[in-house]
Amino acid sequence: MAVAAALGLLTAGCSTGGTGPRDEGAARADQGTPSSAPAPASSASSPVKKVDPVRLIMTDPKVSERVKDDLKPCVADAYPVDTSYGTLTDSGAHDVVVNVLTCGDAVGVGTYVYRPGPAKDDAKGTSYENVFSLEEPAVYSTIDRGDLVVTKQVYAEGDPVAYPSGEDVITYRWTGNKFTEHDRVHNEYSKTVGDGGIDGPAEPTAPAKN
């Protein structure tokens, strides 16, 4: 069902490409192009202030109703969201990257960046502004030394959801008051092997959780 849902999102043409692995799942490891941009010391040395990523998504008017309707617990109260904290903007505090996935196959269906602001709209006194969003299968974002790295799968006509033709790895950098594209890498996948099957990169594993 998760693969069918991802295929439906793809054919709906809701945005741009997908993410790196050949199994239609999200790229759970950092696949971005390294950059030399240093992280500001002010946020790097400060403690991480955790957020409720589900609340951010569900109360964000920039998130589509489709993503909100599909965002449900996979088991008990465990939601399929990955959250990263790091320095991406000039806010002086930790920015938040939220990736929304499907339960069964961890297919990324939406990725968002939230920048902390001074206004108070929750019990902990911090508001968050959506400064980047991309909704499509399969897409996944990571933080790489101060840059936002977005991995998207690329499908040619006739590609099954499980086997895209390639991927785009796009590096964004905060400039002024928005993200601008800094670098782009396109990877083409081989689809044939000796017996005529479909070949691809090894399935990535999720980062170990302590």
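The accessible-area ordering, largest first, of the residues Tyr85, Tyr163 stands as Tyr163, Tyr85, per a 1.4 angstrom probe. Pair-distance distribution P(r) for the stretch 140-194, from all Cα-Cα distances in 10 Å bins starting at 0: 23, 41, 24, 11, 1, 0 percent.
With θ taken as phi - 60° and the Karplus curve 6.51 cos²θ - 1.76 cosθ + 1.60 applied, the whole-hertz 3J(HN,Hα) list for the stretch 142-156 is 9, 9, 10, 6, x, 10, 9, 10, 10, 10, 10, 7, 10, 10, 8 Hz, x standing for glycine and proline. Here the gap between Thr192 and Ser46, fully extended at 0.36 nm per residue and compared with their Cα-Cα distance, gives a gain of 47.6 nm. Per-atom-type breakdown for the stretch 121-186 gives carbon and sulfur 46% of the accessible area (1.4 Å probe, protein chains only). In this structure, the amide hydrogen of Gly110, modeled 1.01 Å from its nitrogen in the peptide plane, lies closer than 5 angstrom to those of Val100, Glu136, Val139, counting only residues at least 5 positions away or on a different chain. The H on the amide N of Asp144, modeled in the peptide plane, is under 5 Å from the matching H of Val149, each at least 5 residues off or on a different chain. Computed with a 1.4 Å probe over protein heavy atoms only, the accessible area of Arg55 comes to about 100 Å². The string of couplings for the stretch 67-72 from the Karplus curve (6.51, -1.76, 1.60, θ = phi - 60°) is 5, 5, 5, 8, 7, 10 Hz, one whole number per residue in order, with x for Gly and Pro.
Looking at the stretch 102-192, the accessible area is 44 square angstrom per residue; that uses a 1.4 Å probe and ignores ligands, DNA and RNA.
The values are calculated or read from the model by the stated rules, or taken from the named source; none is laboratory data. Since the structure is predicted, the reported quantities are computational estimates derived from the model, not experimental observations. Surface accessibility is based on the protein's heavy atoms, side chains included, excluding ligands, DNA and RNA. Shrake-Rupley method; radii C 1.70, N 1.55, O 1.52, S 1.80 Å.
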